[in-house]
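Working notes for the structure below.
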Amino acid sequence: MNVLVVGSGGREHAIILALKKSKKVSEIFCAPGNAGIAEVATCLTTDSSVSSLLALAKEKAIDLTVVGPEVPLVAGIVDAFEAEGLRIFGPNKKAAQLEGSKVFCKSFLERHQIPTASHQSFTDTILALEHLEQVGVPIVVKDSNLAAGKGVTVATDKEQARAAIENILNAPEGGELVIEDFLEGQEVSFLLFLDGQTYAPMLLAQDYKQAFDGDRGDMTGGMGTIAPVSLLSESQYQYVCNDIIEKSLAGFKKDDIDYKGVLFIGLMVTDRDVKVLEFNCRFGDPETQVVLPLLKTDLLDVFEAVIDSKLKDIRLEWSDDAAACIVMAAPGYPGMYKKHIPITIPNLPEKVTVIHAGTAKQDGHLVSTGGRVLGVTAVAKSLPEAIKIAYEAVAAIDFPEAHYRKDIGSRLNKPS
Ligand code: GLY
């Protein structure tokens, strides 16, 4: 089977590495890919528009397309491929609005009584600033539209909240934002496969989203992940299944949303309860880097079962190991960052996989091209061991001025 993976980051590299284990996959293409992906798949040049990707899929006789990032999903790539009779893994345009519009998502959650932080949405700066004066800080300001994981500000002072509001709403094309209550607790990434009828949960992961150690600094796309995490007690896990996932499935049916693909539920686990922070319509990045290496079931079979609504016939099997991913980013990320930094990766232990997120080859040498550059991932018998091995590998990689967090995996890792 010929498979096309859409995207160019660490998530797509991790998906391809998992697909390579399937005997049913004959050739993997990636559009556009990166230098690491080019070592395991055929990278195709593309402008990443839906029409170009459709043309590539036809030209290469692709049997199955897997979409990594949210942007093409929100733009309707699944609808366009399905209209041409092509098989594609991911939610359609209507379902992807759950990530494409935070306002849409919050109103879905409220309509179906799914626990989430109280919120109000605004398109008008004056009204948003008035609301800020009423509610005070700490408060969370979220760009309603896609912002590559950087549209969320947890404001601890009013000046920071005002700046975030003005930044989003004073954009020349206008904007929309959500202001919601700040929830204190631990975030957990709960990813599941959904086939329109039923769901299959993946192992729980935890992302470290702020740029600096101790959860300080700006939000990033994610600076490192660990899996599995045991941050939900058994009763909390059951609560998530009944009061969040089952209610969401019922809500999809009521609202005529045919959700097939990965649903990534960002949860906040507080002392008192569990609430939904956000819905994402795709695999997490870098959650995928730690979840998929632990999946023993053939990933291609899972993708096919989702598309054919046969997920109930599949039992996901997971390894007993643990995984840690440390993101090495370019200096300056998530702000303006340096590019074209030469990188040398030595031979590393077998337990380590260096997943590429933003790399290219320049005159035969590996260089950085993105903000998040590498995801150094280790799989071991325990989480502490995986973290240790991953950090040893990070130290061995020659990547001048690389920025990475030194505290991935350091949070409390037991039921709250
Ligand atoms: N790591 C967070 C995300 O993928 O949105």
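Numbers for the structure displayed
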quantity	calculated
Taking T359, T46, T270 and counting other C-beta atoms within 10 Å, the order from fewest to most	T270, T46, T359
For region 45-94 versus region 155-218, the gap between their alpha-carbon centres in whole angstrom	27
Directionally averaged projected area (convex hull, Cα atoms, region 192-257), nm²	6.0
Of L169, A211, I326, farthest towards positive along the dipole that unit charges on Lys, Arg, Asp, Glu beta carbons give the chain	I326
Ascending count of other beta-carbon atoms within 10 Å, so fewest first, for C241, C30	C241, C30
Cα-based reach from K351 at 16 Å (exclusive), listing aspartates and glutamates while leaving out same-chain residues under 8 positions away	D320, D321, E385, E392
Other-chain or far-sequence residues with amide H under 5 Å of I88's (modelled H)	T65
Unsatisfied cross-links (Cα-Cα over 32 Å) in the set K142/K296; K93/K381; K23/K312; K23/K102; K23/K247; K58/K260	K142/K296; K93/K381; K23/K102; K23/K247
Spread of Cα-to-Cα distances over 20 Å intervals beginning at zero, given as percent, for the chain	27, 61, 12
When region 52-201 is reduced to its Cα atoms, the Kirkwood hydrodynamic radius in Å	17.5
Proxy reagent accessibility, fewest Cβ within 10 Å first, across Y333, Y237	Y237, Y333
Residues E59 and Q197, FRET efficiency given R0 of 41 Å [Cβ-Cβ distance, rounded to 0.05]	0.75
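Every number here is computed from the coordinates shown, using simple stated rules; none is lab data. From a predicted model like this one, the values you see are computed outputs, not experimental measurements. We place every Cβ from the backbone using ideal geometry, glycine too, and count neighbours over all the protein chains shown.
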